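Here the structure comes first, spelled out in structure tokens, and everything after it is commentary.
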Amino acid sequence: VQRSPHYTKPLIRRELDRQLTVMVLVQVLVNIFTLLPYAIVNILSLQMENTNNLLLKTQVQLASNITLIMYYAYYANPFYIYICASERFRRQLIHVLFTVPLNRWKRQPRIIINQVLPQL
């Protein structure tokens, strides 16, 4: 049974829509897990400003530093989500990182002809 081109286009479009939906849902979940702890620890640290317990302040500061690192990871998350969820993005990344530089390296060096004659 042959499939007509009119039938395969909706299938491809549906697959891309599904892929995009998965990527958006995963990104929302990852954003919650990276931003929520940072917000909670910041609220907690504001409550601990008037506390004299040095050990508790130190623990909150450590938690603040750890969640700050998670907060910085928030900006790199879309890249990793696209790598994991999108085959098209992976192929494009491999092409840009490996194929293009390899082709440049394999290229034969061209002889550059000096177009300007020096004056004697």
Cα centroid separation - the stretch 74-97 against the stretch 35-73, whole Å
32 Å
Packing-based exposure ordering (other Cβ within 10 Å, fewest first) of Thr67, Thr99:
Thr99, Thr67
Starting from the Cα-Cα distance between Lys9 and Leu68, subtract it from 0.36 nm times their residue separation and give me the gain in nm to one decimal.
16.8 nm
Percent of Cα-Cα pairs per 10 Å bin, from 0 to the last occupied bin, for the stretch 5-106, please list those.
13, 25, 23, 19, 12, 7, 2, 0
Distance between modelled label sites at Leu93 and Ile43, nm, 7 Å Cα→Cβ extension:
3.4 nm
Quick note on Phe89, Phe33, ordering by fewest other C-beta atoms within 10 Å, gives Phe33, Phe89
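Since every read-out is calculated from the coordinates, none of them should be taken as a lab result. This is a predicted model, so every value here is computed, not measured. With ideal geometry, Cβ positions are generated from the backbone for all residues, glycine too; neighbour counts draw on all protein chains shown.
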